[in-house]
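Quick notes on the structure that follows.
The values are calculated or read from the model by the stated rules, or taken from the named source; none is laboratory data. What you see is a predicted model; the values in this text were computed from it and never measured. Glycine also receives a Cβ, built like all others from the backbone with ideal geometry; neighbour counts cover every protein chain displayed. The protein model used for the area step is the full one, side chains on, heavy atoms only, and it has no ligands, DNA or RNA in it. Shrake-Rupley method; radii C 1.70, N 1.55, O 1.52, S 1.80 Å.
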Amino acid sequence: MDLGIKGRVALVTGGSHGIGRCVAEELGRNGCKVVVVARGQEQLDATVAAIRGEGGEAISFSGDLTKFESYPAMVAAAEAAFGLPDIAIYSPVAPLSGSFDDYDDSAFDTAFTNIVKGFAHFVRSVSPAMKARQWGRIVTIGSGHGRLPARLSTLGFDYVLANTVRPAGLGLSRTIADELAPFGITVNTIPPGFVDTGASYDAFFQTCADAVGQTLEQFRHDLINRIPMKRFGRPEEVASLCAYLCSQNASYITGQYMLVDGGRMEVYY
C-alpha cells in the first residue's frame, strides 16, 4: 500500500535499535528521508546503512534525549540534510523499574523530565515548520502504563516511576493533539506490549526475574501466559502501525492511544 509519504522528512529518536530502528527502516522503505537519532554512533551507523541498503535515504544524529538542547540541534541537522521534519517519532528514555521505597525525589524528577518535559521540547522543535506547511505527523512510542499501572501482583515487578509519569506524558500528548489538529498535524501514541527487542529485553527481564526469585525462563513463561496470543510481539509489528499513522490516509486519526499488545490489556487485571 502506498502511504503517500514518499519524500517526506522523518525524524526518529531512539532509532538505533529495537522498535525505533524498525520504525526508521519502515519509514525508509516507504520513501521517507530519515534522520536517525540516538547516542551510540556504531548502532546509528548500522541503522543508516540498513536503510541505504534498501535504497532509502538516511543520516544519523548523535544526540542525548535527556539534554534539551539536543532537540533543536537534531531538527537543524535534519534541515541541513533534507529539510525540516514532516514526521517526528518520539521514543523517550524509559523509567527504571522499582518500588516506591527504591526512589527519592530526584528519581521522580528525572523520570518526569525524560517522559513529559522531553516530549514538550521535542514538539516545540518540530511543530513550527509543520504548522507552516499545514501538515505533520507526531507519534510517541509510549507505554501501556499511561492508562493502567504495572502491578507487582500481575506482572511480577514494580514500576512506580512509569506508573506516575506515563499518564502525565499521555495527557500532554492528548492536549497537544487538540491544539495542533487545526494545522493538519496529527499526534498519536503507540503503547507496545511485551515486544521482544533482543538482548536488552532479556537484560530487563533478568533483573525482574532476580527480584522475584525466578529464572529468566520462568519469568518469560509466566508473562507469555498472561498474553492472549501466547507470544511476545515483534518490533516490526509496532513499526507497521507507526508508519500507517504517519501516512496520508491517517489524516483523520489524532489524539489516539493504540495498543500493540496481543490483547494483553483486556485481561490486565
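Some points to look at:
- Cβ-Cβ under 8 Å pairs, at least 6 apart or on other chains, segment 118-131 side aromatic (F, W, Y), far side in a helix (DSSP H, G or I): F119/G169; F119/L172; F119/S173; F122/Y71
- Restricting V34, V48 to those that are out of contact with any helix residue (DSSP H, G or I) (no Cβ under 6 Å at 6 or more places or on another chain) and open to solvent by less than 30 Å² (accessible area, probe 1.4 Å) reduces the list to V48.
- Number of the exception - A78 against (1) more than 18 Å from the chain's Cα centre (by Cα); (2) in a helix (DSSP H, G or I); (3) without any contact (Cβ under 8 Å) to a residue 60 or more places away in the chain: (3)
- Here Q41 clears all of (1) under 15 Å from A243 (Cβ atoms); (2) open to solvent by 10 Å² or more (accessible area, probe 1.4 Å) except the condition numbered (1).
- Residues that are in a helix (DSSP H, G or I), over 22 Å from K67 (Cβ atoms) and of a type in the set (K, R), drawn from segment 17-42: R29
- Among residues of segment 1-15 being in contact (Cβ under 8 Å) with a residue 40 or more places away in the chain and in a loop (DSSP other than H, G, I, E, B), the one that is surrounded by the most Cβ atoms within 10 Å (Cβ to Cβ) is G15.
- Residue within segment 77-96 that is modelled with pLDDT of 95 or more, touching a Pro at 6+ places or on another chain (Cβ under 9 Å), farther than 28 Å from F205 by Cα and buried (at least 22 other Cβ atoms within 10 Å of the Cβ) present: yes
- Among the residues of segment 97-146, the one identified as hydroxyl-bearing (S, T, Y), assigned to a loop (DSSP other than H, G, I, E, B) and surrounded by fewer than 17 Cβ atoms within 10 Å (Cβ to Cβ) is S99.
- Inside segment 232-269, residues that are at pLDDT 95 or above, assigned to a loop (DSSP other than H, G, I, E, B), open to solvent by 30 Å² or more (accessible area, probe 1.4 Å) and in contact with a helix residue (DSSP H, G or I) (Cβ under 6 Å, 6 or more places away or on another chain) make up a count of 1.
Listed here are the residues, each with its yes/no results for (1) farther than 27 Å from R8 by Cβ; (2) among the hydroxyl-bearing types (S, T, Y); (3) in contact with a helix residue (DSSP H, G or I) (Cβ under 8 Å, 6 or more places away or on another chain).
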| site | (1), (2), (3) |
| --- | --- |
| A88 | no, no, yes |
| D101 | yes, no, no |
| D109 | yes, no, no |
| S127 | no, yes, yes |
| K131 | no, no, yes |
| V139 | no, no, yes |
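- Residue that is most open to solvent (accessible area, probe 1.4 Å), among those in segment 186-231 that are among the small types (G, A, S), part of a helix (DSSP H, G or I) and more than 18 Å from G20 (Cβ to Cβ): A211
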